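Below is one structure; the comments refer to it alone.
We did not get these values from a lab; they are worked out from the coordinates using the rules stated. Just so it is clear, the structure is predicted and the values come from calculations on it, not from any experiment. Here the Cβ positions follow ideal geometry from the backbone for every residue, glycine too, while neighbour counts run over all protein chains shown.
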Amino acid sequence: MLLLVADRVIAAEPRLSEADRNLGDGDHGLGMQRGVTAAREKLLALPDDGSVPVEKLFSTVGLAMMSSMGGASGAIFGTLFRDGGKALAGRESFGASELAAFLRAACDGVMARGKANPGDKTMVDALHPAAARAGEVADGPLDAALASVGAAAEDGCEASKGMVAVFGRARSLGEAAIGFPDAGALSVTVILGAMRDFVAGLPSASE
Ligand code: ADP
Ligand code: MG
């Protein structure tokens, strides 16, 4: 699943770069691409015999992103996966309840680290509603949870278009930022969309 996340983020580079060009300096797509490429290498170096704890898979991605990306989003997206991963300590599988725990800790971690709140036109505007939705659907099957959580993130990303930025370079744009989605929010939709599509494609998910 995490390898598909990496592939999708790499493929989304032009879209992510364009979104950041509209509001920032245009480097978000390449930064994310660098981060998930490093994460991919670290994941592929782990044994694939099922012996690696779920927690470690996610934290491996977070640490690789933190150390390879730099900038605001290296810390922010690295924290998403690292702190989210920490919440999975002791879990032996990844279901809807793990998704909820992951996203809750990821969102709390990102908000503590970056100090952004919902409405500030950052990736929190996609992550926060996704985490809230995950909490509501934590008792059901993972494929349905991810479909619902992915839609919540997309709605949040769409809503970021109407916001004025409080952080980063987009802040100086003021009202001119209205109409454009936040680049990091778009990345969150790509990440959750990849997770959703991976699980939807698993034989056990549709049986
Ligand atoms: P930089 O801002 O260093 O150029 P990127 O372009 O890679 O970094 O990432 C910008 C994205 O990072 C923004 O679109 C926003 O979603 C996210 N971001 C920036 N600062 C914060 C913050 N304090 N909290 C949450 N997300 C943030
Ligand atoms: Mg940027």
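Tabulated data for the structure shown
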{"item": "Semi-axis lengths (Å, descending) of the ellipsoid that matches the C-alpha gyration tensor of the range 46-91", "result": "21, 12, 4"}
{"item": "Neighbour-limited loop hits for GluC sites (Glu not before Pro), the range 102-159 (at most 13 other Cβ within 10 Å; DSSP other than H, G, I, E, B)", "result": "none"}
{"item": "The range 2-200: relative contact order as a whole-number percent, Cα under 8 Å and 6+ apart", "result": "22 percent"}
{"item": "LEU202-VAL164 FRET efficiency (beta carbon distance; Förster radius 41 Å; 0.05 resolution)", "result": "0.50"}
{"item": "Rotationally averaged projected area of the chain (alpha carbon convex hull; nm²)", "result": "10.2 nm²"}
{"item": "In Å, descending, principal axis extents of the Cα set of the range 1-88", "result": "43, 22, 17"}
{"item": "Degrees, to the nearest 10: 28-44 long Cα axis against longest axis of the chain", "result": "10 degrees"}
{"item": "Degrees separating the helix 2-11 axis from the principal Cα axis of the chain, which is the longest one", "result": "30 degrees"}
{"item": "Per DSSP, loop GluC sites (Glu not before Pro) in the range 38-93 with at most 16 further Cβ within 10 Å", "result": "GLU92"}
{"item": "Within the chain, helix-based [θ] at 222 nm, where runs of 4 or more DSSP H residues each add -39,500 (n - 2.57), nearest 500", "result": "-22500 deg cm²/dmol"}
{"item": "Residues of type aspartates and glutamates that LYS86 reaches as a straight line, Cα spacing below 19 Å, ignoring anything fewer than 8 places off in the same chain", "result": "GLU55, GLU98, ASP108"}
{"item": "C-alpha long axis of helix 54-69 to longest principal axis of the chain, angle in °", "result": "30 degrees"}
